[in-house]
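Worksheet: the structure to be examined is printed underneath.
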Amino acid sequence: VSRDILILQSPSIYGKSLLSPPLGIGYIGAALLKHQYNIKLMDLSIYDYKNLKSEVTNAIKEFKPKIVCISCTTETYNVALRILKLSKSLKDDIVTVMGGVHPTFTVEECITDENVDIVAIGEGENTIVEISNYYIRNEGTLEKIDGIAYKNNNRVVINKERNYIKDINEIPYPYRGDFDLSKYKVPLTIVSTRGCTGKCSFCVSRELNKNRYRERSISNIIDEIKTLDLDKYSRIIAFQDSTLTANSKRIINLCDALKNQIGNISWSCESRVDTLTIDILQRMKESGCILIEFGIESGSEKVLKEIRKDITKKEILSTMDMVKRVGINSVCTIMIGHPTDTKETMKESIEFAKLLKKEYGCSIHFNIVTPYPGTPFLKNKEEYGIEIKSKSYDDYVPNNAIMSTKELSAEEIRETYINAILDLSRID
Ligand code: B12
Ligand code: SF4
């Protein structure tokens, strides 16, 4: 069966990351289905890396797509380029489109690659439909498609920015029909807001959403949940919002709706310690919340300020105390190697992590600070004294030290990170 459009999620070279299905391409797929395109979605992360070439080759031969779309992060960008190259070598009239966080912040670099015909910048639902209308239905012109970069006689053209979708309730639910959900640890995921109210300097969320925090209505979310096969997957749902709990009124309404309209589910989310109260936590617990992930990121008051995390240690401890009392599990992430970290502040972070684990039973995940494209860290790297030590985006993974700072060498950061993990593993 031939398909108009093949939509791929680029995999990591570091092996399968089968946590949850890639909803970003699910949204792209749903937008195209709404416009009656024949599509096929593939999450390439589900295959053994050594079989990647044959999987892509078989798919191109089977589906003979006119357009190949690929979504990537920084870590998976180089693989994405190789996949597009392979696709073009198998069928030379294929049009290639690259989208996702990484291309959004490295437009010029991406579009310069000979195997990338179009870069889709930012939110992709409307953009991909217009691109497909142009190439497949001969409608419109490339110049008129907002939010893309392309080449015209080897000259790079970057069109004007696309307006963000104002009412995100209008966006069709992500298409999950081509994913083998049984392959994932967390098969049922949902995104109920776009953007974040935080402005952390190591994060792209704010820039990605142009400072907007957009919310879906409760009924829209409940409707989507009703389309999921809850019973098949233990009635567990993971909310993948950057900060699900930013609006306290809304989270209370969501909890009530989950309890009354869905019922008997377990769910998890990411949150900020400054958005919760005991009342909200109790309602979360009652509606099935079993796990909350918090970005703590440092145990140094000074560093917390400098990275614009906008939370204090006092707030962290008081929230963790409430979370523990209510009986919800917590994961706290802590980053090692902030631009203004010193040996002392990193030590403070590790001691703080120990406290959180010992006193509040938090699971601790350490990450090394990675200056991803689009982050304030990378934009102000001179000012921060950051020096990037790696030449390949393949190295942009959170267990790899790729930068030195005014205070620390990459080696020192790596060592501290490894010792931090060992240190914490000694606490039961
Ligand atoms: C859920 C999530 C995960 C899940 C992924 C589940 C999955 N399979 O998708 C897990 C936990 C596995 C994960 C892992 C990691 N993640 Co993550 N993750 C997210 C998170 C919170 C939500 C992603 C999401 O679903 N968004 C909702 C959809 C609708 O948005 P979207 O995917 O961006 O897609 C839209 C557009 O980008 C665009 N688009 C995307 N692809 C394409 C393709 C085409 C062709 C077109 C036209 C458009 C298009 O259109 C889509 C619809 O509008 C984002 C933050 C965020 N809020 O986006 C971070 C984020 C993507 N992750 C990030 C990072 C760093 C990681 C990790 C490295 C973290 C780690 N500690 O290991 C790993 C790396 C994974 C990898 N191999 O690349 C960074 C990426 C930075 C970068 N430059 O690469 C982000 C942005 C977080 C951040 N704030 O810094 N992540
Ligand atoms: S790190 Fe978390 S809280 Fe901070 S801006 Fe990013 S998504 Fe928001």
Requested in this report: Select the strands (runs of 3 or more DSSP E) contained entirely in region 266-361, then report the ones holding at least 1 residues which are touching a Lys or Arg at 6+ places or on another chain (Cβ under 7 Å) and within 16 Å of ligand 1 (Cβ to nearest atom).
Outcome: 289-297
Query raised in the report: Is at least one residue of region 171-192 within 24 Å of I7 (Cα to Cα), within 16 Å of ligand 2 (Cβ to nearest atom) and touching a Phe, Trp or Tyr at 6+ places or on another chain (Cβ under 7 Å)?
Result: yes
**Report entry** Search result, residues across region 251-271 that are open to solvent by 20 Å² or more (accessible area, probe 1.4 Å) and touching a residue at least 24 places away in the same chain (Cβ under 8 Å)
**Finding:** I252, N253, D256, K259, Q261, I262, N264, S266, S268, E270
Query raised in the report: Could we say that R308 is within 14 Å of ligand 2 (Cβ to nearest atom) and over 19 Å from L356 (Cβ atoms) here?
Result: yes
Query raised in the report: What number of residues within region 101-159 satisfy the criterion of being crowded, with 16+ Cβ neighbours inside 10 Å, of a type in the set (S, T, N, Q) and more than 16 Å from ligand 2 (Cβ to nearest atom)?
Result: 6
Requested in this report: Taking E224 as the residue in question, decide whether it is away from ligand 1 (no atom under 16 Å from the Cβ) and either touching a residue at least 12 places away in the same chain (Cβ under 8 Å) or over 18 Å from the mean Cα position of the chain (by Cα) (or both).
Outcome: no
Query raised in the report: Are any residues in region 172-227 charged (D, E, K, R) and in a loop (DSSP other than H, G, I, E, B), and if so, which ones?
Result: R176, D178, D180, K185, K199, K210, R212, R216
**Report entry** Of all residues making up region 240-250, the number that are β-branched (V, I, T), touching a Leu at 6+ places or on another chain (Cβ under 8 Å) and touching a residue at least 40 places away in the same chain (Cβ under 8 Å)
**Finding:** 0
Query raised in the report: S205: among the small types (G, A, S), at pLDDT below 95 and more than 16 Å from R283 (Cα to Cα), yes or no?
Result: yes
Query raised in the report: How many residues does region 318-347 hold that are under 18 Å from E411 (Cβ atoms) and either polar (S, T, N, Q) or surrounded by 19 or more Cβ atoms within 10 Å (Cβ to Cβ) (or both)?
Result: 9
Query raised in the report: How many residues does region 154-165 contain that are farther than 23 Å from I25 by Cβ and part of a loop (DSSP other than H, G, I, E, B)?
Result: 2
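Yes/no per residue for (1) more than 27 Å from H102 (Cα to Cα); (2) open to solvent by 30 Å² or more (accessible area, probe 1.4 Å):
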residue	(1), (2)
T370	no, no
I402	no, no
E407	yes, yes
A410	no, no
A420	yes, no
Requested in this report: Please enumerate the residues belonging to region 280-317 that are surrounded by fewer than 16 Cβ atoms within 10 Å (Cβ to Cβ) and in contact with a strand residue (DSSP E or B) (Cβ under 9 Å, 6 or more places away or on another chain).
Outcome: I290
Report summary line: When (1) among the hydroxyl-bearing types (S, T, Y); (2) within 16 Å of ligand 2 (Cβ to nearest atom); (3) open to solvent by 20 Å² or more (accessible area, probe 1.4 Å) are applied to S234, the one that fails is (2)
Requested in this report: Starting from region 200-217, take each residue that is open to solvent by less than 30 Å² (accessible area, probe 1.4 Å) and list its partners that are more than 9 Å from ligand 2 (Cβ to nearest atom) and of a type in the set (D, E), counting only C-beta distances under 8 angstrom and pairs at least six apart or across chains.
Outcome: S201/E306
Query raised in the report: Only one residue in I364, I350 is touching an Asp or Glu at 6+ places or on another chain (Cβ under 9 Å) and surrounded by 17 or more Cβ atoms within 10 Å (Cβ to Cβ). Which one?
Result: I350
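Given the options S45, S71, name the one that is closer than 19 Å to V191 by Cα and of a type in the set (S, T, Y).
On the way: S45 fails: closer than 19 Å to V191 by Cα.
The match here is S71.
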Report task. Can you tell me which residue within region 73-96, out of those that are over 26 Å from P371 (Cα atoms) and of a type in the set (G, A, S), is farthest from the chain's Cα centre (by Cα)? Result -> S89
Query raised in the report: Which residue pairs have Cβ atoms under 8 Å apart, sit 6 or more places apart or on different chains, and have a first residue in region 370-383 that is more than 18 Å from T73 (Cα to Cα) and a second that is open to solvent by 60 Å² or more (accessible area, probe 1.4 Å)?
Result: K381/E387
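Answer with yes or no whether V68 is within 15 Å of ligand 1 (Cβ to nearest atom), open to solvent by 10 Å² or more (accessible area, probe 1.4 Å), within 19 Å of S132 (Cβ to Cβ) and over 21 Å from the mean Cα position of the chain (by Cα). Write out each step before concluding.
Values: within 15 Å of ligand 1 (Cβ to nearest atom): yes; open to solvent by 10 Å² or more (accessible area, probe 1.4 Å): no; within 19 Å of S132 (Cβ to Cβ): yes; over 21 Å from the mean Cα position of the chain (by Cα): yes.
No, not satisfied.
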Query raised in the report: If you go through region 68-80 one residue at a time, do you hit one that is of a type in the set (F, W, Y), under 22 Å from L142 (Cβ atoms) and not in a strand (DSSP E or B)?
Result: no
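The values are calculated or read from the model by the stated rules, or taken from the named source; none is laboratory data. Since the model is a prediction, treat every value here as computed from it, not as a measurement. So basically every Cβ, Gly included, is an ideal-geometry build from the backbone, and we count neighbours across all protein chains shown. With ligands, DNA and RNA removed, areas are computed over all heavy atoms of the protein, side chains included. Shrake-Rupley method; radii C 1.70, N 1.55, O 1.52, S 1.80 Å.
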